[in-house]
Amino acid sequence: MMAGRPVTKRNRVLRTGLLCLVLGSLLLTSACVATDAPPNVTPKLFGMEGATNDTALGLQIITLLTALTLIPAMLMMASSFTRIVIVLSFIRNAIGVPQTPPNQILLGLTLFLTIFVMAPVWQNINAAALQPYLKNEISQDEAVERGMAPMRTFMFKQTREKDLSLFVYLAKMDRPKNQSDIPTHVLIPAFVISELKTAFQMGFLILVPFLIIDMIVSSTLMSMGMMMLPPAVISLPFKILLFVLVDGWHLVVRSLMVSFS
């Protein structure tokens, strides 16, 4: 991805961001893979291992803090997090209890489901890129290229060709001959909008049965002349009962996991 291109300021920033993505991914899966990192890893990762004076140390700290602010956004945008959190949010709104489960529980469940989905990808990154780099077996550029390969494979698998073509066109690129010709900064936004579309499609299917219950309850109340009684008051117990009887959480989580396979 980076080989053969001049090292410009933009490439350097992008490379640092990609390293943050790899590191953040591995932090989340530290319980799944064994990482024997040497004590002074941070300076090495950002190409400052030879710096010893106070100015260089300050630059290292600033670079690290800046990189850490990018990790959450990159993990959300370049992983399964987006699709999962949107679909789980649709469940709350479909049932009619927008605050149950609470946001903390919903985000926690989303995070662990994301770790479950992305663990094989992050394990490949650790084995192919991070560990060889920490052992001085490969260069930083090669580590970034190797580390992004599993992420790019995952994103290409989930990205629609139509969305990819849109950003290739907006980037004013020549028609790519294969996936390796598509830069990561073009792939990621295409992946994100594909994830949004998939999440909304799944959300629509979740909404339909609960909408039918609302329509039935509303029509029944109207036919009985009870127009002053809000239909949501009557339909809410029925929607919760339906969700429990069909084991809704099991079905939704299973559908989410299968959608990434």
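Sort 100-108, 173-181, 136-144 by the packing proxy (mean of other Cβ within 10 Å over each peptide's residues), most packed first.
So the peptides 100-108, 173-181, 136-144, ranked by packing, come out 136-144, 100-108, 173-181.
Average projected area of the Cα convex hull of the stretch 135-247, in nm²? Please list the in-between numbers first.
On the way: hull surface 51.4 nm².
If you wrap the Cα atoms of the stretch 135-247 in a convex hull and average its projections, you get 12.8 nm².
Tell me the per residue accessible area of the stretch 222-261 using a 1.4 Å probe; a whole number in Å² is fine. List each step's numbers first, then the result.
Values: 2890 Å² over 40 residues.
Each residue of the stretch 222-261 exposes 72 Å² on average to a 1.4 Å probe.
Find out how many positive minus negative residues lie around Leu113, taking Lys and Arg as positive, Asp and Glu as negative, among other residues whose Cβ is under 12 Å from that of Leu113.
+2
Express the accessible area of the stretch 81-212 per residue in Å², computed with a 1.4 Å probe while the remaining protein chains stay in the model.
52 Å²
Once neighbouring chains are kept in place and the probe is 1.4 Å, which whole percent of the accessible area of the stretch 61-114 is contributed by carbon and sulfur?
C and S fraction of accessible area: 80 percent.
Provide, for q = 0.10, 0.11, 0.12, 0.19 Å⁻¹, the log10 of I(q)/I(0) from a solvent-free Debye sum over equal Cα point scatterers in the stretch 77-213.
-0.45, -0.53, -0.62, -1.10
Compute the distance from the alpha-carbon center of the stretch 60-102 to that of the stretch 202-247, in whole Å.
Rounded to whole Å, the Cα centres lie 30 Å apart.
What value in Å³ per residue do you get for the convex hull of the alpha-carbon atoms in the stretch 184-261?
Residue-normalised Cα hull volume stands at 104 Å³.
Kindly give Rg over Rh for the stretch 53-157, based on alpha-carbon atoms, with the Kirkwood expression for the hydrodynamic radius.
Working: Rg = 18.0 Å, Rh = 16.3 Å.
Rg/Rh for the stretch 53-157 comes to 1.11.
Out of the chymotrypsin sites (Phe, Trp or Tyr not before Pro) in the stretch 71-144, which ones are loop residues according to DSSP with at most 13 other C-beta atoms within 10 Å? Show your work: numbers first, answer last.
Values: sites: Phe81, Phe90, Phe112, Phe116, Trp122, Tyr133; in loops: none.
Those that pass, being in a loop and sparsely packed, number zero.
The values are calculated or read from the model by the stated rules, or taken from the named source; none is laboratory data. If you're wondering where the values come from, they're calculated on a predicted model, not measured in any experiment. Ideal geometry is used to build each Cβ from the backbone, glycine not excepted, and the neighbour counts take in all protein chains shown. Each accessible area value is taken on the protein alone, full model and side chains, heavy atoms only, with ligands, DNA and RNA left out. Shrake-Rupley method; radii C 1.70, N 1.55, O 1.52, S 1.80 Å.
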